[in-house]
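Here is the structure we will look at, set down as structure tokens.
Just so you know, all these numbers are worked out from the coordinates, no wet-lab data involved. As the structure is a prediction and not an experimental result, all values here were calculated from the model. In this analysis, Cβ positions are derived from the backbone assuming ideal geometry, glycine residues included, and neighbour counts consider all displayed protein chains.
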Amino acid sequence: MIKFLKIIIGTGFAAFLIVLTIASIRTLSLDVNAGFQLARWETVSNISLDINHHQRKELLNRFKEAIRIPTVSFSSTESNTTALLHFNSFLRKAFPTIFTSSLVQHELVANYSHLFRISGSQAHLLPYLLLAHIDVVPATESDGWDAPPFSAQEIEGFIYGRGTIDDKGSLMGILQALEFLLIKGYTPRRGFYIGLGHDEEVSGYQGAVNIARLLKQRNTRLAFILDEGLAVLDGVISGLNGPAALIGVSEKGLATVKLSVSTLPGHASMPPRESSIGILAAAVKKLEDNPMPMLFGYGPERETFEHLAHKFGFPMKFILSNLWIFSPLVGRFLQQKPDSNAFVRTTTAVTMFNAGVKTNVIPSFAEAYVNLRIHSAQSLQEVLDLIEVTLGDHRVKMELIEGFDPLPVSSSGENSFGFQIVKKTLLDMFPTVTVAPGICVGNTDSRHFKDLTNDIYRFAPLWFKPGDAKRFHGINERISKKNYEELILFYSRLIQNSDIEKLPEPHTFVHEL
């Protein structure tokens, strides 16, 4: 407090009052803006699915069957191709209307992936693309699951199984929504695509890459893309009043770096002062002791907190409404925990360390692999340069194994067609949810489509309570039966909401500071 008073006196009390007044006005104006809704939307078809008891039983059985097919990707060169072929046959049986409708063109891509084109009645409207993926990460019952990971067993209203969250929930939700709409005679005004990759969990170099290549060859331009990514967080963000739906507008970049040290081999009875293991261990320790710079406020994460500010109580509402003053303070707070630290900087994780062949031999070679997730305000090259400076040891060789820059930040303003369509669909279904742009700390295969559109969004209306995020790629992955039905309703509304020609003019509160 004494330090704070000295600052006030040093800068002048009048100047402090001006800053305080501006900050208060900003806090109030964000509150007012949060209450404004868009003007009346253009009328579109409003087919209500009204899922009855018999349909509910059937759609849950189909979903369970999808989960029971172990479409596992083990590596970029190894996947369960038998299961992928089985899944192909299953889709044709589960969604007969999609595969026989004159509105739908289907093609198999790279043997196991799927591309659907759904024709629209108004050809001048730019199409969009819904993405999902077929493959899942490995899982075994010995990991500690409450139910076998490919059993689709029901426990207290939840369906357990690998892929329920990532990503067969979205995949089946999209197709089930389209199947129901087609059965009810729906014809879209705006055409769209559905892309189902078979190797997203190992970067999508066969599925997504080849689907994107086909669309490029056909000179396809997309209004927006919607893929998996972020979710509805309920009780997850400490201090937030009510649930928040975060729509991913970008993804962090990626770098996999190999560090290696080569020295002369020797006998353990006559060790040198420094060994290859010791030199490399010191280098790794330097990276862990010197994290990448804190960059909160320079990427999409700033907008996330500004959008959510009005749902916090004081003093957090005041602080988050005025990140132009408090960004460093908020950043220092967020970096205290691993899950929130991922939003404020490029993260550094040492994931593999290999050295030695025998207990009594000093190894001549040691290597370590470092995985970095690159903040939107940095580039891949900047990160590599920082690693080299931090290491400061010519004996440690650095090699980039794989890497790419952070993805471009998609628009999220009032004139952003894709963002507002997703937002409207969410608020149609969940009026009390606060919607905000967000950043994906992981990666999807949607990045392979970045040349086809300016706007890629990463979101599915999966409801995450505290602790649920650990189920993602972890044990006891699950989805409630209610939430799966919500996915179907969400995609059916999204498809229909996308039929508008243009967004309505927003009613905006403007306050000149």
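The figures follow:
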{"read-out": "The chain: relative contact order as a whole-number percent, Cα under 8 Å and 6+ apart", "value": "24 percent"}
{"read-out": "Using θ = phi - 60° and Karplus 6.51 cos²θ - 1.76 cosθ + 1.60, couplings along segment 363-372 (whole Hz; Gly, Pro as x)", "value": "x, 8, 9, 9, 9, 9, 10, 10, 9, 10"}
{"read-out": "Per-residue ³J(HN,Hα) for segment 230-244, Karplus 6.51 cos²θ - 1.76 cosθ + 1.60, θ = phi - 60°, Hz, x for Gly and Pro", "value": "8, 8, 8, 9, 10, x, 8, 8, 4, x, 7, 8, x, x, 10"}
{"read-out": "Relative contact order of segment 250-404, defined on C-alpha pairs under 8 angstrom at six or more residues apart (%)", "value": "46 percent"}
{"read-out": "Segment 254-333: trypsin sites (Lys or Arg not before Pro) falling in loop per DSSP and having at most 10 other Cβ within 10 Å", "value": "ARG273"}
{"read-out": "Correct choice for Cα extents along the principal axes in Å that was computed from the model, options (i) 80, 70, 48; (ii) 110, 55, 40; (iii) 71, 53, 47", "value": "(i)"}
{"read-out": "Listed residue pairs exceeding 28 Å between alpha carbons, taken from LYS252/LYS424; LYS184/LYS470; LYS64/LYS311; LYS465/LYS502", "value": "LYS184/LYS470; LYS64/LYS311; LYS465/LYS502"}
{"read-out": "Within the chain, helix-based [θ] at 222 nm, where runs of 4 or more DSSP H residues each add -39,500 (n - 2.57), nearest 500", "value": "-11000 deg cm²/dmol"}
{"read-out": "Under the Karplus curve 6.51 cos²θ - 1.76 cosθ + 1.60, θ = phi - 60°, whole-Hz ³J(HN,Hα) for segment 136-153, x wherever Gly or Pro sits", "value": "9, 7, x, 7, 10, 4, 5, 5, x, 5, 6, 9, x, x, 10, 9, 6, 6"}
{"read-out": "Amide proton proximity set for VAL72, modelled H, under 5 Å, gap of 5+", "value": "ASN80, VAL136"}
{"read-out": "Amide H within-cut-off set for LEU462, under 5 Å, with H built and near neighbours excluded", "value": "VAL232"}
{"read-out": "Residues whose placed amide H lies under 5 Å from that of GLY235, excluding near-sequence neighbours", "value": "ALA244"}
